[in-house]
Amino acid sequence: MTTRIYIAGHRGMVGGAILRQLQARQAAGEDLELLTRTSAELDLTDQAAVRAFMQAEKPDQVILAAAKVGGILANNSYPAQFIYENLMMECNVIHQAYEAGVKKLLQLGSSCIYPKAVPQPMREDALLTGVLEPTNEPYAVAKIAGIKLCESYNRQYGSDYRSVMPTNLYGPGDNFHPENSHVLPALIRRFHEAAEAGLEEVVIWGSGKPMREFLHVEDMAAASLFVLDLDPEIYARETAPMLSHINVGSGSDISILELAQMVARVTGFAGRISTDPSKPDGTLKKLMDVSRLERLGWKASIGLEEGIQGTYRWFLEQGLDNLRAK
């Protein structure tokens, strides 16, 4: 029997990786029908449009990987858009999925749902125990609402809607913009350009001491499908009705200076790496507790340096001219 799966956000970094893995399953013989729509074809903030789509297509499963995302500058500049658009997408997709009889749904969130001052590594039960990071609070509130929407529909209607919360993601399809990209793609671009220009030194912001965790997007896609496919009884044993989300990460972290040294090796930069302690460090440690996911039977498999090498190859294949406007 054919399983119809709608992937919302299939053009994004994570949604694209999930789509590729589902297409590989198709090629291996699984009877899947994959449904996708671009944002131009289906505006997920439009309730009537989402309802019409869900009623017409009647998917069996929904993967909600669509979101309005951005760095600190974007979150600070457009807080109303970040909370409104993400809330609307989640409300529309989750409610209209229920109305259309969708039995299984997976919602993707973010590690920013956890309080700013939280014990490390961050456990799932740290949710709603403290104040959020102010710079991305509107986005985080929307993502928390998505978790609670899934849990509430499960409690009231007996649906099987689940949520996964990834750590910092990277890989093919990432944003390498020089001003608004995240730390790892930003370092890849900077060290590549420094190596190309023959520079003797690259200066990184802060002391280089903060520790960060990174997960390759293909690992994230694999973990997402693993959680979606889990037997309900097994899933229920490791979760609670109103604490059902699952952290997804590598389980290990690295200092920003060590990360810069790794990127320098991959990109062929042979000069000095200096730090600028006058610039802010941000949170000194941010690591996900992934013991819940490991107990369920999944662990990340792509090493960081291996993953950076593959990401750098993808970056080179795109060419800077194609990435400049992104």
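The values are calculated or read from the model by the stated rules, or taken from the named source; none is laboratory data. Just so you know, these numbers come straight off a predicted model, no measurement behind them. With ideal geometry, Cβ positions are generated from the backbone for all residues, glycine too; neighbour counts draw on all protein chains shown.
With respect to the conditions (1) of a type in the set (A, V, I, L, M); (2) out of contact with any Leu (no Cβ under 9 Å at 6 or more places or on another chain); (3) at pLDDT 95 or above; (4) not in a helix (DSSP H, G or I), residue 302 lacks only one, and its number is (2). Residues that are of a type in the set (Gly, Ala, Ser) and within 21 Å of residue 163 (Cβ to Cβ) occur in the range 76-97; there is at least one.
With respect to (1) more than 18 Å from residue 228 (Cβ to Cβ); (2) in contact (Cβ under 8 Å) with a residue 40 or more places away in the chain; (3) surrounded by fewer than 18 Cβ atoms within 10 Å (Cβ to Cβ), the lone exception for residue 44 is condition (3). Looking only at residues of the range 238-278 that are in a strand (DSSP E or B) and hydroxyl-bearing (Ser, Thr, Tyr), we find that the one that is surrounded by the fewest Cβ atoms within 10 Å (Cβ to Cβ) is 274.
Could you please let me know if residue 29 is of a type outside the set (Ser, Thr, Tyr), at positive phi and over 17 Å from the mean Cα position of the chain (by Cα)? The answer is yes for residue 29. Within the range 94-123, residues that are in a loop (DSSP other than H, G, I, E, B) have Cβ atoms under 6 Å from residues that are of a type in the set (Lys, Arg) in these pairs: 100/58; 109/143; 110/143; 120/285, counting only partners at least 6 apart in sequence or on another chain.
Only residues that are outside any strand (DSSP E or B), of a type outside the set (S, T, N, Q) and at pLDDT 95 or above were counted across the range 279-296, and they come to 8.
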